[in-house]
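Encoded as C-alpha coordinates, the structure appears first; notes follow it.
The values are calculated or read from the model by the stated rules, or taken from the named source; none is laboratory data. Here the structure is a predicted model, which means the values were calculated and not measured. Cβ sites come from the backbone with ideal geometry, for glycine too, and all protein chains shown count toward neighbours. Surface accessibility is based on the protein's heavy atoms, side chains included, excluding ligands, DNA and RNA. Shrake-Rupley method; radii C 1.70, N 1.55, O 1.52, S 1.80 Å.
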Amino acid sequence: MESLPITEVHLLEQGIQALNGLLGPEWEVAQRPNKSKAFDALLEVKAEGDSTFTQLLVEAALAVPPRFVMERLVPRVQLLREVNHSTNLLVIAPWISSQARELMRENGIAYLDLTGNVGIRVSRPAIVIHTVGAEKAPRSAPRGSSRTTLAGPKAVRLVRLLADVPPPHRATDLHRVSALSLAYVSRLLDTLEDQLLIRRKGRIIMDVDWVQLLRARAQESSLLSHGSYQGFLAPNGVSALLQQIPQLPTQYIDGLSVTGSYAAQRFVQVAVGGQLMLYVASWLNVEDVADELGLLPVTDGADVLLLNEPDPFVRKRAERVDGVQYVAPSQAALDCLAGPGRMPAEGEALLEFMERQPEKWRASKNNGETRPVQH
(Lines give C-alpha, C1' and ligand atoms only; values in the text may rest on other atoms or scores of the structure.)
Protein backbone atom coordinates (compact mmCIF):
# COMPACT_ATOMS: atom_id res chain seq x y z
CA MET A 1 0.00 0.00 0.00
CA GLU A 2 1.42 3.39 -0.98
CA SER A 3 1.93 5.97 1.75
CA LEU A 4 -0.20 9.11 1.54
CA PRO A 5 1.55 12.30 0.41
CA ILE A 6 2.96 14.21 3.36
CA THR A 7 1.45 17.60 4.17
CA GLU A 8 3.32 20.62 5.53
CA VAL A 9 1.51 20.23 8.88
CA HIS A 10 2.61 16.60 9.23
CA LEU A 11 6.08 17.53 8.01
CA LEU A 12 6.39 20.18 10.71
CA GLU A 13 5.21 17.74 13.40
CA GLN A 14 7.64 15.03 12.31
CA GLY A 15 10.50 17.51 12.00
CA ILE A 16 10.01 18.89 15.53
CA GLN A 17 9.75 15.34 16.86
CA ALA A 18 13.03 14.44 15.08
CA LEU A 19 14.74 17.54 16.53
CA ASN A 20 13.61 16.53 20.03
CA GLY A 21 15.06 13.08 19.49
CA LEU A 22 18.39 14.46 18.29
CA LEU A 23 18.79 16.84 21.23
CA GLY A 24 17.76 14.29 23.85
CA PRO A 25 15.89 14.59 27.17
CA GLU A 26 18.25 17.22 28.60
CA TRP A 27 16.99 19.77 26.10
CA GLU A 28 13.64 21.48 25.73
CA VAL A 29 12.05 22.35 22.40
CA ALA A 30 8.99 24.54 22.80
CA GLN A 31 6.77 25.85 20.02
CA ARG A 32 5.91 29.51 20.60
CA PRO A 33 3.10 31.59 19.12
CA ASN A 34 3.97 32.52 15.55
CA LYS A 35 2.55 36.02 15.28
CA SER A 36 4.19 37.12 12.05
CA LYS A 37 3.06 34.09 9.99
CA ALA A 38 6.05 34.79 7.74
CA PHE A 39 7.43 31.41 8.79
CA ASP A 40 5.73 28.11 9.54
CA ALA A 41 6.72 27.91 13.21
CA LEU A 42 8.77 29.57 15.94
CA LEU A 43 10.75 27.22 18.18
CA GLU A 44 12.54 28.04 21.41
CA VAL A 45 15.39 25.67 22.23
CA LYS A 46 17.28 25.56 25.52
CA ALA A 47 19.09 23.14 27.80
CA GLU A 48 17.18 21.94 30.85
CA GLY A 49 17.72 24.30 33.78
CA ASP A 50 19.43 26.94 31.62
CA SER A 51 17.92 30.36 31.03
CA THR A 52 19.84 30.83 27.76
CA PHE A 53 17.81 29.89 24.69
CA THR A 54 17.88 30.22 20.94
CA GLN A 55 15.01 30.86 18.59
CA LEU A 56 14.57 28.87 15.40
CA LEU A 57 12.25 30.20 12.73
CA VAL A 58 11.08 27.16 10.79
CA GLU A 59 10.41 26.90 7.08
CA ALA A 60 8.61 23.63 6.30
CA ALA A 61 9.02 22.88 2.60
CA LEU A 62 7.87 19.82 0.68
CA ALA A 63 10.79 20.29 -1.74
CA VAL A 64 14.04 22.23 -1.44
CA PRO A 65 15.77 22.47 -4.82
CA PRO A 66 18.97 24.56 -4.93
CA ARG A 67 17.21 27.35 -6.81
CA PHE A 68 14.71 27.62 -3.91
CA VAL A 69 17.64 27.94 -1.50
CA MET A 70 19.32 30.76 -3.42
CA GLU A 71 16.23 32.70 -4.51
CA ARG A 72 14.00 32.32 -1.43
CA LEU A 73 15.90 31.15 1.64
CA VAL A 74 19.17 33.08 1.34
CA PRO A 75 17.50 36.53 0.97
CA ARG A 76 15.21 35.72 3.91
CA VAL A 77 18.02 34.68 6.23
CA GLN A 78 20.06 37.77 5.26
CA LEU A 79 17.11 39.99 6.19
CA LEU A 80 16.57 38.01 9.37
CA ARG A 81 20.16 38.58 10.52
CA GLU A 82 19.83 42.32 9.97
CA VAL A 83 16.88 42.35 12.39
CA ASN A 84 18.01 39.82 15.00
CA HIS A 85 21.40 38.08 15.14
CA SER A 86 20.27 35.53 17.75
CA THR A 87 17.45 34.09 15.63
CA ASN A 88 18.24 31.25 13.24
CA LEU A 89 16.45 29.74 10.26
CA LEU A 90 15.72 26.00 10.23
CA VAL A 91 14.45 24.31 7.07
CA ILE A 92 12.50 21.08 7.51
CA ALA A 93 11.78 18.92 4.44
CA PRO A 94 11.06 15.30 3.53
CA TRP A 95 14.44 15.12 1.74
CA ILE A 96 17.16 17.61 0.81
CA SER A 97 19.72 17.00 -1.93
CA SER A 98 23.46 17.23 -1.25
CA GLN A 99 23.75 20.34 -3.42
CA ALA A 100 20.98 22.14 -1.54
CA ARG A 101 22.49 21.10 1.80
CA GLU A 102 25.88 22.48 0.78
CA LEU A 103 24.33 25.81 -0.24
CA MET A 104 22.54 26.06 3.11
CA ARG A 105 25.71 25.28 5.06
CA GLU A 106 27.58 27.97 3.10
CA ASN A 107 24.87 30.50 4.01
CA GLY A 108 24.42 29.52 7.65
CA ILE A 109 20.96 27.98 7.24
CA ALA A 110 20.11 25.01 9.45
CA TYR A 111 18.33 22.06 7.88
CA LEU A 112 16.68 18.80 8.86
CA ASP A 113 15.12 16.23 6.55
CA LEU A 114 13.11 13.16 7.48
CA THR A 115 15.71 10.75 6.04
CA GLY A 116 18.33 11.89 8.57
CA ASN A 117 20.22 14.66 6.77
CA VAL A 118 20.70 17.24 9.50
CA GLY A 119 22.95 20.29 9.77
CA ILE A 120 22.36 22.59 12.74
CA ARG A 121 24.97 24.93 14.21
CA VAL A 122 23.99 27.45 16.91
CA SER A 123 26.55 29.43 18.92
CA ARG A 124 24.47 30.17 22.02
CA PRO A 125 23.60 27.85 23.58
CA ALA A 126 26.15 25.71 21.75
CA ILE A 127 24.37 23.23 19.46
CA VAL A 128 26.20 21.39 16.70
CA ILE A 129 24.42 18.52 14.95
CA HIS A 130 25.56 16.96 11.69
CA THR A 131 24.15 13.65 10.48
CA VAL A 132 23.90 12.09 7.03
CA GLY A 133 20.78 10.41 5.70
CA ALA A 134 19.64 9.42 2.22
CA GLU A 135 21.68 10.63 -0.76
CA LYS A 136 18.83 9.84 -3.15
CA ALA A 137 15.26 11.03 -2.79
CA PRO A 138 12.90 8.35 -1.46
CA ARG A 139 10.07 7.57 -3.83
CA SER A 140 7.60 9.11 -1.40
CA ALA A 141 9.51 12.40 -1.18
CA PRO A 142 8.59 15.26 -3.53
CA ARG A 143 11.53 16.11 -5.80
CA GLY A 144 10.70 19.68 -6.70
CA SER A 145 8.39 21.72 -8.87
CA SER A 146 8.72 19.22 -11.72
CA ARG A 147 8.28 15.44 -11.60
CA THR A 148 10.60 14.92 -14.54
CA THR A 149 13.96 13.61 -13.31
CA LEU A 150 17.35 12.68 -14.73
CA ALA A 151 16.54 8.98 -14.50
CA GLY A 152 15.98 6.86 -17.61
CA PRO A 153 17.65 6.64 -21.03
CA LYS A 154 15.76 9.62 -22.47
CA ALA A 155 17.36 12.00 -20.00
CA VAL A 156 20.85 10.97 -21.16
CA ARG A 157 20.20 12.44 -24.60
CA LEU A 158 19.55 15.88 -23.17
CA VAL A 159 22.38 15.61 -20.65
CA ARG A 160 24.86 14.63 -23.36
CA LEU A 161 23.79 17.49 -25.65
CA LEU A 162 24.04 20.05 -22.86
CA ALA A 163 27.48 18.75 -21.87
CA ASP A 164 28.94 18.23 -25.34
CA VAL A 165 27.74 21.38 -27.08
CA PRO A 166 28.53 24.85 -25.66
CA PRO A 167 25.52 27.12 -25.06
CA PRO A 168 23.41 29.01 -25.98
CA HIS A 169 20.60 26.50 -26.49
CA ARG A 170 16.90 26.69 -27.17
CA ALA A 171 14.43 24.04 -26.07
CA THR A 172 13.11 23.69 -29.62
CA ASP A 173 16.58 22.93 -30.99
CA LEU A 174 17.35 20.47 -28.20
CA HIS A 175 14.04 18.77 -28.99
CA ARG A 176 14.94 18.57 -32.67
CA VAL A 177 18.46 17.19 -32.25
CA SER A 178 17.59 14.78 -29.42
CA ALA A 179 14.35 13.54 -31.06
CA LEU A 180 12.68 13.88 -27.65
CA SER A 181 9.25 15.44 -27.31
CA LEU A 182 9.26 19.19 -26.76
CA ALA A 183 7.06 18.76 -23.68
CA TYR A 184 9.56 16.34 -22.10
CA VAL A 185 12.52 18.60 -22.92
CA SER A 186 10.74 21.61 -21.40
CA ARG A 187 9.88 19.73 -18.20
CA LEU A 188 13.42 18.40 -17.78
CA LEU A 189 14.91 21.86 -18.40
CA ASP A 190 12.65 23.21 -15.64
CA THR A 191 14.05 20.55 -13.31
CA LEU A 192 17.63 21.38 -14.27
CA GLU A 193 16.99 25.07 -13.67
CA ASP A 194 15.60 24.30 -10.21
CA GLN A 195 18.80 22.35 -9.52
CA LEU A 196 20.93 25.30 -10.75
CA LEU A 197 22.45 23.02 -13.39
CA ILE A 198 21.44 25.42 -16.15
CA ARG A 199 20.77 29.15 -16.22
CA ARG A 200 18.40 30.77 -18.67
CA LYS A 201 17.83 34.27 -19.92
CA GLY A 202 14.28 34.28 -21.13
CA ARG A 203 13.93 31.10 -23.14
CA ILE A 204 17.61 30.78 -23.98
CA ILE A 205 19.96 28.55 -21.96
CA MET A 206 23.03 30.71 -21.43
CA ASP A 207 25.07 28.60 -19.00
CA VAL A 208 25.38 24.88 -18.20
CA ASP A 209 27.15 23.44 -15.17
CA TRP A 210 27.97 20.33 -17.17
CA VAL A 211 30.27 18.80 -14.52
CA GLN A 212 27.53 18.77 -11.88
CA LEU A 213 25.02 17.78 -14.55
CA LEU A 214 26.98 14.62 -15.38
CA ARG A 215 27.36 13.82 -11.68
CA ALA A 216 23.66 14.37 -11.06
CA ARG A 217 22.69 12.05 -13.92
CA ALA A 218 25.11 9.36 -12.71
CA GLN A 219 23.49 9.42 -9.26
CA GLU A 220 20.19 8.48 -10.89
CA SER A 221 21.54 5.44 -12.74
CA SER A 222 23.51 2.23 -12.42
CA LEU A 223 25.72 1.11 -15.30
CA LEU A 224 25.45 -2.58 -14.43
CA SER A 225 21.77 -2.82 -13.58
CA HIS A 226 20.23 -6.27 -13.34
CA GLY A 227 19.95 -8.01 -16.71
CA SER A 228 21.73 -5.24 -18.63
CA TYR A 229 24.97 -7.15 -19.28
CA GLN A 230 26.68 -10.54 -19.55
CA GLY A 231 30.16 -11.46 -18.39
CA PHE A 232 32.79 -13.27 -20.48
CA LEU A 233 36.43 -14.29 -20.43
CA ALA A 234 38.76 -13.39 -23.29
CA PRO A 235 41.04 -16.47 -23.68
CA ASN A 236 43.90 -14.43 -25.18
CA GLY A 237 43.41 -11.37 -23.00
CA VAL A 238 41.80 -7.99 -23.48
CA SER A 239 44.66 -6.49 -25.53
CA ALA A 240 44.37 -9.26 -28.12
CA LEU A 241 40.60 -8.81 -28.19
CA LEU A 242 40.93 -5.08 -28.98
CA GLN A 243 43.20 -5.95 -31.88
CA GLN A 244 40.65 -8.52 -33.07
CA ILE A 245 37.67 -6.14 -33.24
CA PRO A 246 38.84 -4.20 -36.37
CA GLN A 247 38.99 -7.52 -38.25
CA LEU A 248 35.29 -8.24 -37.69
CA PRO A 249 32.56 -7.65 -40.29
CA THR A 250 31.44 -4.01 -40.55
CA GLN A 251 28.16 -4.58 -38.72
CA TYR A 252 30.11 -5.67 -35.64
CA ILE A 253 32.65 -2.87 -35.82
CA ASP A 254 29.84 -0.30 -36.07
CA GLY A 255 27.76 -1.95 -33.35
CA LEU A 256 30.41 -2.37 -30.63
CA SER A 257 31.46 0.64 -28.54
CA VAL A 258 34.05 0.64 -25.77
CA THR A 259 32.96 2.39 -22.58
CA GLY A 260 33.98 2.42 -18.92
CA SER A 261 37.60 2.13 -17.79
CA TYR A 262 39.15 1.52 -21.20
CA ALA A 263 37.32 4.53 -22.67
CA ALA A 264 38.45 6.72 -19.77
CA GLN A 265 42.05 5.50 -20.06
CA ARG A 266 42.33 7.16 -23.46
CA PHE A 267 42.57 10.44 -21.52
CA VAL A 268 43.49 9.67 -17.89
CA GLN A 269 45.35 6.88 -16.12
CA VAL A 270 44.01 6.15 -12.65
CA ALA A 271 44.84 2.44 -12.86
CA VAL A 272 45.86 -0.02 -15.56
CA GLY A 273 43.48 -2.52 -17.11
CA GLY A 274 40.10 -3.34 -15.63
CA GLN A 275 37.15 -4.96 -17.32
CA LEU A 276 36.63 -4.21 -20.98
CA MET A 277 33.04 -3.00 -21.35
CA LEU A 278 31.44 -3.03 -24.79
CA TYR A 279 28.05 -1.63 -25.66
CA VAL A 280 26.26 -3.94 -28.10
CA ALA A 281 23.93 -2.18 -30.55
CA SER A 282 20.34 -3.36 -30.92
CA TRP A 283 20.94 -4.93 -34.34
CA LEU A 284 23.46 -7.36 -32.81
CA ASN A 285 22.86 -10.38 -30.60
CA VAL A 286 25.09 -10.65 -27.51
CA GLU A 287 25.59 -14.40 -27.99
CA ASP A 288 26.55 -13.88 -31.64
CA VAL A 289 29.06 -11.21 -30.63
CA ALA A 290 30.55 -13.52 -28.02
CA ASP A 291 30.89 -16.32 -30.58
CA GLU A 292 32.44 -14.00 -33.16
CA LEU A 293 35.03 -12.84 -30.62
CA GLY A 294 35.62 -16.30 -29.15
CA LEU A 295 34.56 -15.24 -25.66
CA LEU A 296 33.78 -17.76 -22.93
CA PRO A 297 30.71 -17.10 -20.71
CA VAL A 298 31.53 -16.97 -16.98
CA THR A 299 29.65 -16.09 -13.81
CA ASP A 300 32.72 -14.84 -11.90
CA GLY A 301 36.04 -13.31 -12.89
CA ALA A 302 34.84 -11.82 -16.19
CA ASP A 303 37.33 -9.56 -17.96
CA VAL A 304 34.85 -8.61 -20.71
CA LEU A 305 31.32 -7.31 -20.19
CA LEU A 306 28.89 -7.05 -23.09
CA LEU A 307 26.27 -4.43 -22.27
CA ASN A 308 22.92 -4.11 -23.98
CA GLU A 309 22.93 -0.65 -25.53
CA PRO A 310 20.16 1.27 -23.68
CA ASP A 311 19.80 3.89 -26.42
CA PRO A 312 21.56 4.53 -29.76
CA PHE A 313 22.54 7.95 -28.40
CA VAL A 314 25.38 6.32 -26.42
CA ARG A 315 27.19 6.21 -29.79
CA LYS A 316 26.70 9.95 -30.34
CA ARG A 317 30.08 11.50 -31.16
CA ALA A 318 31.88 8.17 -30.72
CA GLU A 319 35.40 8.04 -32.12
CA ARG A 320 37.36 5.33 -33.93
CA VAL A 321 40.85 4.63 -32.59
CA ASP A 322 42.90 1.95 -34.38
CA GLY A 323 39.66 0.61 -35.86
CA VAL A 324 37.85 0.33 -32.49
CA GLN A 325 34.88 2.54 -31.63
CA TYR A 326 35.04 4.38 -28.28
CA VAL A 327 32.16 6.32 -26.72
CA ALA A 328 32.59 10.08 -26.32
CA PRO A 329 34.27 11.33 -23.11
CA SER A 330 30.97 12.61 -21.68
CA GLN A 331 29.39 9.15 -22.10
CA ALA A 332 32.49 7.47 -20.65
CA ALA A 333 32.36 9.82 -17.65
CA LEU A 334 28.67 9.07 -17.08
CA ASP A 335 29.27 5.33 -17.24
CA CYS A 336 32.33 5.40 -14.98
CA LEU A 337 30.57 7.55 -12.37
CA ALA A 338 27.65 5.10 -12.37
CA GLY A 339 29.87 2.01 -12.37
CA PRO A 340 31.17 -0.28 -9.60
CA GLY A 341 34.53 -0.52 -7.83
CA ARG A 342 37.19 1.99 -8.86
CA MET A 343 35.16 3.27 -11.82
CA PRO A 344 33.70 6.36 -10.05
CA ALA A 345 37.28 7.47 -9.26
CA GLU A 346 38.12 7.06 -12.95
CA GLY A 347 35.03 9.08 -13.80
CA GLU A 348 36.11 11.91 -11.50
CA ALA A 349 39.61 11.90 -13.00
CA LEU A 350 38.08 12.07 -16.46
CA LEU A 351 35.90 15.02 -15.41
CA GLU A 352 39.00 16.85 -14.21
CA PHE A 353 40.65 16.28 -17.59
CA MET A 354 37.52 17.45 -19.40
CA GLU A 355 37.45 20.65 -17.31
CA ARG A 356 41.11 21.38 -18.07
CA GLN A 357 40.96 20.65 -21.77
CA PRO A 358 37.45 21.22 -23.13
CA GLU A 359 38.85 21.68 -26.64
CA LYS A 360 39.79 17.97 -26.67
CA TRP A 361 36.19 16.75 -26.43
CA ARG A 362 33.50 19.45 -26.72
CA ALA A 363 31.86 20.20 -30.04
CA SER A 364 33.16 23.15 -32.01
CA LYS A 365 31.05 26.28 -31.79
CA ASN A 366 30.91 26.32 -35.55
CA ASN A 367 29.95 22.66 -35.90
CA GLY A 368 26.42 22.94 -37.22
CA GLU A 369 25.93 19.19 -37.29
CA THR A 370 26.04 18.84 -33.51
CA ARG A 371 25.22 22.33 -32.34
CA PRO A 372 21.50 22.62 -31.49
CA VAL A 373 21.30 26.39 -31.89
CA GLN A 374 21.88 27.68 -35.40
CA HIS A 375 23.10 31.24 -35.99
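Observations
- When Lys35, Lys316, Lys360 are compared by accessible area of protein heavy atoms, the largest-first order is Lys35, Lys360, Lys316, using a 1.4 Å probe.
- Along the range 268-283 the Karplus relation, 6.51 cos²θ - 1.76 cosθ + 1.60 evaluated at θ = phi - 60°, assigns HN-Hα couplings of 9, 10, 7, 8, 8, x, x, 6, 7, 10, 10, 6, 10, 5, 5, 7 Hz to successive residues, with x for each Gly and Pro.
- Solvent-accessible surface (1.4 Å probe) assigned to Thr299 amounts to roughly 130 Å².
- Mean shadow area of the range 211-285 over all directions, Cα convex hull, nm²: 6.6 nm²
- Count of lysine pairs in the chain with Cα separation under 29 Å (8 or more residues apart, or interchain): 13
- Prolate/oblate/rounded call for the range 125-267, Cα gyration tensor, a/c under 1.5 rounded: oblate
- Residue-level accessible surface for Val298, protein heavy atoms, 1.4 Å, Å²: 50 Å²
- Apportionment of accessible area to carbon and sulfur, the range 222-362, percent (1.4 Å): 48 percent
- Stretching the chain fully between Ser228 and Phe53 yields a gain of 57.4 nm (0.36 nm per residue, less the alpha carbon separation).
- Charged side chains reduced to their Cβ positions (Lys and Arg at +1, Asp and Glu at -1) give the range 1-87 a dipole of some 420 debye around its Cα centre.
- For Arg124 and Gln212, a Förster radius of 41 Å and the Cβ-Cβ distance give a FRET efficiency of 0.70, rounded to the nearest 0.05.
- For the chain, accessible area per residue (1.4 Å probe, heavy atoms of protein chains only), Å²: 50 Å²
- Note that the range 58-64 has calculated 3J(HN,Hα) couplings of 9, 10, 9, 10, 6, 8, 10 Hz, one per residue in order, obtained from phi through the Karplus relation 6.51 cos²θ - 1.76 cosθ + 1.60 (θ = phi - 60°); glycine and proline are x.
- If you look at the Cα atoms of the range 11-92, you get an Rg and a Dmax of 13.3, 41 Å.
- In terms of its C-alpha gyration tensor, the chain comes out prolate, because a/c is 1.5 or above and the ratio a/b outweighs b/c.
- Thr52 accessible area, 1.4 Å probe, all protein chains in place, Å² to nearest 10: 40 Å²
- Highest average packing first - 17-23, 243-249, Cβ atoms within 10 Å: 17-23, 243-249
- Inverse of mean 1/r across different Cα pairs in the range 244-375, Kirkwood, Å: 15.7 Å
- Shape index of the range 44-176: Rg/Rh, with Rg the Cα radius of gyration and Rh the Kirkwood radius from the inverse mean 1/r over Cα pairs, equals 1.09.
- Lys, Arg +1 and Asp, Glu -1 on Cβ, resulting dipole of the range 144-271 about Cα centre, debye, nearest 20: 320 debye
- Cα→Cβ-extended label distance, 7 Å offset, between Arg76 and Arg356, nm: 4.3 nm
- Size of charge dipole - the range 235-353 - debye, nearest 20, with Cβ of Lys, Arg +1 and Asp, Glu -1, no other charges: 340 debye
- GNM top mover of Arg67, Arg81, Arg342 - the chain, alpha-carbon springs below 10 Å: Arg81
- Helices of the chain meeting both criteria, an alpha-carbon length of 15 angstrom or more along the long axis and an average Kyte-Doolittle score not below -0.5, with helices taken as full DSSP H segments, are 8-23, 153-164, 182-194, 343-356.
- Rounded to the nearest 500, the helix-only mean residue ellipticity at 222 nm of the chain stands at -10000 deg cm²/dmol, with each DSSP H run of n ≥ 4 adding -39,500 (n - 2.57).
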